[in-house]
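Take a look at the structure set out below.
The values are calculated or read from the model by the stated rules, or taken from the named source; none is laboratory data. This one's a predicted model, so the numbers in the text were calculated from it and none came from an experiment. For accessibility, only protein heavy atoms count, side chains too; no ligands or nucleic acids. Shrake-Rupley method; radii C 1.70, N 1.55, O 1.52, S 1.80 Å.
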Amino acid sequence: MLAYLWVAIGGALGSVARYGIGGLVAQKFGETFPFGTLAVNVTGSFIIGFLGALASSEGRLSPQSRVFATQFFMTGVCGGFTTFSSFSLQTINLVRDGEWLYAGGNILFSVLLCLIAVWLGYLLGSTLNSMKGN
C-alpha cells in the first residue's frame, strides 16, 4: 500500500511541475509551436533515463533505494511529469537489448496510434460540441 502512496505523491508533484514548467516555457517562447510540451517531454525523458541507469541492476543505488527511485521518482514524478519519458526509456531498453524491431515498432505504433487516438477523440468531442442544442 505504501508503494501506491509514493506513486500518488510523486505523480501529484510531477503533474504540478509539468503545468508550471510547460506554462513558463510557453509564456517565454510563445504558443505557436508546443515548446512547453517539448521541453517537459525532453526533460522528463532525460530524468527517467538518468534514474533508470542508476536504478538498474548494475546501477549504483542500493536495492532499497532502487525501489523508492522506481516508485516515487520514475513512476510517480516522471509519470506525472510526462509519460513520454516512460515510452523513451522502454524504447532505449529495447535497443540496448538488441530488440531493434520491437524498438522501431514501439516508436511507430506509439506515435501513429496516439495521433490517431487524439484525432478520433477530437472528432468525438467536436461531434458532441455540435449537439449543444439537442
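A compact table of results
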quantity: Spatial separation of Cα centroids for region 73-89 and region 1-32, in angstrom; calculated: 10 Å
quantity: Relative contact order, percent, the chain [alpha-carbon distance under 8 Å, six or more residues apart]; calculated: 30 percent
quantity: With DNA, RNA and ligands ignored, accessible area of L113 (1.4 Å probe; Å², nearest 10); calculated: 100 Å²
quantity: Isotropically averaged projected area of the chain, using the convex hull of Cα atoms (one quarter of hull area), nm²; calculated: 11.4 nm²
quantity: C114 accessible area, 1.4 Å probe, all protein chains in place, Å² to nearest 10; calculated: 80 Å²
quantity: Apportionment of accessible area to carbon and sulfur, region 56-134, percent (1.4 Å); calculated: 69 percent
quantity: For the chain: accessible area per residue (Å², 1.4 Å); calculated: 71 Å²
quantity: Convex hull volume per residue in cubic angstrom - Cα atoms of region 84-134; calculated: 58 Å³
